[in-house]
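The values are calculated or read from the model by the stated rules, or taken from the named source; none is laboratory data. Remember, it's a predicted structure, so these values are computed and weren't measured experimentally. Using ideal geometry, Cβ is built from the backbone for each residue, glycine included, and neighbour counts are taken over all protein chains shown.
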Number of protein chains: 2
Amino acid sequence: MPLADRVVRDLEAIFGPRRVSTRAVDLDTYARDMWPRLLLGYRAGEAVEPRPDVIVWPEHVREVVAAVKLAREHRIPIVPYGGGSGVCGGAVPVRGGITIDTKRMQALRAVHGDDMTCDVEAGLNGERFERELARRGFTFGHFPSSIYCSTVGGWVATRAAGQLSTKYGKVEDRVAGLSIVTGRGELIETDGPNRALRGPSWNQLLLGSEGTLGVITSARLRVSPAPQLRVFRGFEVDDVATGALAIRRVLQKGLRPAVVRLYDELDTLINAFGHDDVDEADAPGGLAPRPPIETGALPALPNLGVPGRQAERPREVGMIERLRDVVRGKGLKHGAMTAALGQSEMMNKLFGAVEKVARRGCRLIIGLEGARIRTEIEAALAFAELEAAGARDRGEEPGWAWLRHRYAVSYRMSPVFSGGAFVDTMEVAASWDKLMDLYHSVRDAIGRHALVMAHLSHGYADGCSIYFTFVGTTPEKDGPAAARRKYDAIWRDGLEATTRVGGTISHHHGVGLLKAPYMASEHREAMAIFQAAKTSFDPDGIMNPGKMGLR
Amino acid sequence: MPLADRVVRDLEAIFGPRRVSTRAVDLDTYARDMWPRLLLGYRAGEAVEPRPDVIVWPEHVREVVAAVKLAREHRIPIVPYGGGSGVCGGAVPVRGGITIDTKRMQALRAVHGDDMTCDVEAGLNGERFERELARRGFTFGHFPSSIYCSTVGGWVATRAAGQLSTKYGKVEDRVAGLSIVTGRGELIETDGPNRALRGPSWNQLLLGSEGTLGVITSARLRVSPAPQLRVFRGFEVDDVATGALAIRRVLQKGLRPAVVRLYDELDTLINAFGHDDVDEADAPGGLAPRPPIETGALPALPNLGVPGRQAERPREVGMIERLRDVVRGKGLKHGAMTAALGQSEMMNKLFGAVEKVARRGCRLIIGLEGARIRTEIEAALAFAELEAAGARDRGEEPGWAWLRHRYAVSYRMSPVFSGGAFVDTMEVAASWDKLMDLYHSVRDAIGRHALVMAHLSHGYADGCSIYFTFVGTTPEKDGPAAARRKYDAIWRDGLEATTRVGGTISHHHGVGLLKAPYMASEHREAMAIFQAAKTSFDPDGIMNPGKMGLR
């Protein structure tokens, strides 16, 4: 019997035949995540590869242990797989092997109300997790746009950020303990007694390891009380620099809105005005039911009013809408999209001209939630800071519109690909003193190849991330290889510009294959620490090989 | 030339003769930190040992690199040394070797106001650090009672907590990056770009490693704006359980006072009423000058008034003061102290009886600081929570008294030792659901051997630490060995009780020699991670050997 068959037989002994698959449709499915670069080839009909050799669906940690021990015995790679929503190729099985889908380990085992923690298995879907917590009066506060198709384990493995991270923190700020099956096949639990603070903390070494040290099987996470009150509001600033300073003022005063984000001029035109295509209710699973929340009964601030959607439309509405359709790949044939986007520099200039005529400035969205009185007070203080920094209050409606459509952007990517173009996002970060340098440098670098827009969405006292969205195209006749070349050039130039100004190459999308080549230059000598952990946890190098710049 | 002489000669080539010492007085000084167990022998005239073979005082990281490389070549241990204020024997050179005193690397290299971070060398004294920041309008917010005699590097190496940690966090919550010279003699810097969040974080592996992985030479730390307003206040609750619930309510509402602490009945009698012996101004260095801060002009809450010190005194004042004198070793000869404390169970009962007669309940201190409006509001909300939980407002004076005397407790230990007794503190922690179990179990365990009191001083949404103070004695004629036996029995029983109820053995004093035997049972399989890091960072085992349960 060949090795592969023997391994499959042994896996069936562990999992039973129904939780082991070598069917082609499964191998194709688990060959990829949502990394846009992979879509370029698939769209052109290229074969799906590399693929895993076999998929397994454990229901208990002891099955994971058994699978890892078996894989270790035969030196077969293992790739942990959650929701498959990653955008950096982290779940691609570059050397084949066994892909372990965690989604059948999905129990919310306990919610410890007294301590405000919960114990949850890695495979639980994000939206279901949040819904279960809401029923008990809590929230984890983690709302990535992938919430309907990502898992708790995936969040933890990649150091994910949700849209309300300014209040609730990134995932790594909320982890009290982890259970992980290492590449040695040993179960390690770091969730000892709470606040077990003697000696080094292991959690932060495991968080963000993206399957290269082991399979994360469960986590103890900190939860927060479900909010009593939400307050959302839109502001407008003259330009990105003014808006960035306004956000910095709010955060450095110690105020913690749930979200504060600033769209640059183009992102404002494309995304911050009018969401007529995808509503939250359209997303799979619908909106998670939540306990009733009052919707911000703050009095209107002076000098504003709450303009309706019509009042938001400039006279140039027709031109803007046509441009928006291009970017969203909406109602355009491949040829039209290619023609429009083929000259990216011209497109960027065209948008610049429209922006100028429209004099729209930049949209700033702020939302606060929590206990009633505190939220009202924090909102009043935050709004005062924004106005002192030159932001103009545009009323509640733009804020609520953002909240309603906050998951929509992820569902806009498909039509762009269908239209023959590609779209991706680059989330870099820097300290405040370098932030405008970062914005201009990366925008220029990407703008040479593609249409580019950006928003600031995760701010801190010491700095902020910038989320660039770019839409590019190559002539259809040049095939996927040409598209990949342009895609790679965008990333190379964008990250090179990031490094040049002293920014960091990733904020919350992880590393995967996409950013693996940049790990060494970013971490320098400290990569030795990661490599040492790798050697110790996974001496045979079977855990998600080829990722994160590890040997 | 013998090895030792050759090494000293080589060290002199690195440091120059004036920054290398083998003088007996220096070897004695650097043989110990403030671990009370060591004082038992010294008091009885035992020889000071083990001692280091040589002390060096680097002024630059390259000298640290050279010293570590030299030590590695000859397989000589290295012990990093900061202020020497540790209370767990972490700086004791159990195998001799080279002690590296970091105090001449003490530059505050930069304060990055835009990003609210600073770059500081490891050897800077805590009080000077805070004073330098205050001049620039910032605070690190870390105020351990050792602030006059501890260093930034010591804080970072031990995961220290300051008295205002509820607002500002423990040290590990404020570290953006570290520079460390590993046991291989390599300099690793983890302070890349801010919010460099791709992949695992190394900082949390190095924080709390207590010199076993390398010498921490500098840190990038997050700073906060100096507070505009401080509000301090005292409350009274019937018992510890009521007070614990009150603190939990405040913290689980998301309120973040700078400090909220609860003294049990005995600690209230001893420490929370009347501080007539040591004032802050008596401490070496005096009080750090700070920018002018308004002193909380909140209106008095209903049902209180601000009683002066006289009104605080119960009729049983004479008896209480005599008991307090015993505990403080004040004005008592060795014989009197021994007689009083010799029957610890009786003493604990005696205090219990006095408490009951005095019906004083437990003192709760709360302090808030920060931006003016937010602090006033947060204070009002916090006070309302405390009162809703049954706490009675006792006015501002007890709060300010606590603040004035917050460093005094550390300077009360000497007279106890001079009086023939010993005193130490045990800072354990647990989740809220286990906290009262922890309190009663540890109190009973220690109370069999010594007079014991406790306060809750560092709370979180998910749990709280309890800080036990115990005063014990053995007959003088039995010598230091008997005192050590009793001391060891207290720790063994206290930590055993902690583990039994699911608490953690340390909150912020570190591990050192004292708690090293408990590391394996606390971390279980996860110790493999620490051991792997140790093997990688320090393959020859020269870095602070014998500590933290590492091989």
Has the stretch A:41-50 got any residue that is at pLDDT 95 or above and of a type in the set (D, E, K, R)? no
Can you give me the number of residues within the stretch B:79-134 that are within 14 Å of chain A (Cβ to nearest Cβ), under 22 Å from the mean Cα position of the chain (by Cα) and hydrophobic (A, V, I, L, M, F, W, C)? 2
Scope the stretch A:428-453; condition crowded, with 23+ Cβ neighbours inside 10 Å and either within 10 Å of chain B (Cβ to nearest Cβ) or under 15 Å from the mean Cα position of the chain (by Cα) (or both); matching residues: A:Val428, A:Ala429, A:Ala430, A:Ser431, A:Trp432, A:Leu435, A:Leu438
Unique match (being farther than 28 Å from B:His508 by Cβ and in contact (Cβ under 8 Å) with a residue 40 or more places away in the chain) among A:Gly162, A:Gly177, A:Gly214: A:Gly214
Verdict on B:Thr212 being out of contact with any Ser or Thr (no Cβ under 9 Å at 6 or more places or on another chain), farther than 22 Å from B:Ala401 by Cβ and not aromatic (Phe, Trp, Tyr): yes
Only one residue in A:Ile76, A:Ile100 is touching a helix residue (DSSP H, G or I) at 6+ places or on another chain (Cβ under 7 Å), part of a loop (DSSP other than H, G, I, E, B) and among the hydrophobic types (A, V, I, L, M, F, W, C), so which one is that? A:Ile76
If B:Arg485 passes every condition in (1) surrounded by 20 or more Cβ atoms within 10 Å (Cβ to Cβ); (2) assigned to a helix (DSSP H, G or I) but one, which one does it miss? (1)
Being over 13 Å from B:Ser209 (Cα atoms) and either more than 12 Å from chain A (Cβ to nearest Cβ) or not β-branched (Val, Ile, Thr) (or both): is that true of B:Leu550 here? no
Can you work out which of the residues in the stretch B:161-179 that are within 10 Å of another protein chain (Cβ to nearest Cβ) and outside any strand (DSSP E or B) is surrounded by the fewest Cβ atoms within 10 Å (Cβ to Cβ)? B:Asp173
Residue identified as at negative phi, surrounded by 19 or more Cβ atoms within 10 Å (Cβ to Cβ), out of contact with any Gly (no Cβ under 7 Å at 6 or more places or on another chain) and not in a helix (DSSP H, G or I) among B:Gly472, B:Gly494: B:Gly472
Looking only at the stretch B:512-530, count every residue that is in contact with a helix residue (DSSP H, G or I) (Cβ under 8 Å, 6 or more places away or on another chain), part of a helix (DSSP H, G or I) and either more than 8 Å from chain A (Cβ to nearest Cβ) or of a type in the set (Gly, Ala, Ser) (or both) and tell me the total. 5
For the stretch B:222-243, state whether one or more residues are among the hydroxyl-bearing types (Ser, Thr, Tyr) and within 30 Å of B:Val452 (Cα to Cα). yes
Check whether at least one residue in the stretch B:384-396 is within 26 Å of the chain's Cα centre (by Cα) and crowded, with 23+ Cβ neighbours inside 10 Å, and report yes or no. no
What about A:Ser457, is it buried (at least 24 other Cβ atoms within 10 Å of the Cβ), closer than 30 Å to A:Leu364 by Cα and within 13 Å of another protein chain (Cβ to nearest Cβ)? no
Pairs please, first residue from the stretch A:245-266 and buried (at least 24 other Cβ atoms within 10 Å of the Cβ), second anywhere and of a type in the set (Lys, Arg), Cβ atoms under 6 Å, 6+ apart in sequence or on different chains. A:Ala258/A:Lys167; A:Tyr263/A:Arg363
Here are some residues: A:Pro52, A:Pro58. Which one is in contact with a Ser or Thr (Cβ under 6 Å, 6 or more places away or on another chain) and assigned to a loop (DSSP other than H, G, I, E, B)? A:Pro52
List every residue pair whose Cβ atoms lie under 7 Å apart, where the two residues are 6 or more positions apart in sequence or sit on different chains, the first residue falls within the stretch A:101-112 and is within 26 Å of A:Gly137 (Cβ to Cβ), and the second residue, located anywhere, is in a loop (DSSP other than H, G, I, E, B) and of a type outside the set (A, V, I, L, M, F, W, C). A:Met105/A:Pro58; A:Met105/A:Glu59; A:Met105/A:Gly123; A:Gln106/A:Gly123; A:Val111/A:Arg136
Would you mind stating whether A:Ile505 is facing chain B (nearest Cβ under 8 Å), crowded, with 19+ Cβ neighbours inside 10 Å and in contact (Cβ under 8 Å) with a residue 12 or more places away in the chain? yes
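Would you please name the residue that is nearest to the other protein chains (Cβ to nearest Cβ), looking only at residues in the stretch A:180-202 that are part of a loop (DSSP other than H, G, I, E, B) and at pLDDT 90 or above?
A:Glu186
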So if I check each of A:Gly86, A:Gly16, A:Gly41, A:Gly97, which one is on the phi > 0 side of the Ramachandran plot and in contact (Cβ under 8 Å) with a residue 12 or more places away in the chain? A:Gly97
Long-range neighbours under 9 Å by Cβ, at least six apart or interchain, first residue within 22 Å of B:Ile247 (Cα to Cα) within the stretch B:444-461, second acidic (Asp, Glu) and assigned to a strand (DSSP E or B): B:Ser457/B:Glu427; B:His458/B:Glu427
Residue count for the stretch B:433-469, restricted to those that are under 18 Å from B:Ala421 (Cα atoms) and in a helix (DSSP H, G or I): 2
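Out of A:Arg233, A:Arg248, A:Arg256, report the one residue that is of a type in the set (D, E, K, R), modelled with pLDDT of 95 or more and closer than 23 Å to A:Ser431 by Cα.
When all the criteria are applied, what remains is A:Arg248.
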Given (1) at pLDDT below 95; (2) over 20 Å from the mean Cα position of the chain (by Cα), B:Val175 misses just (2)
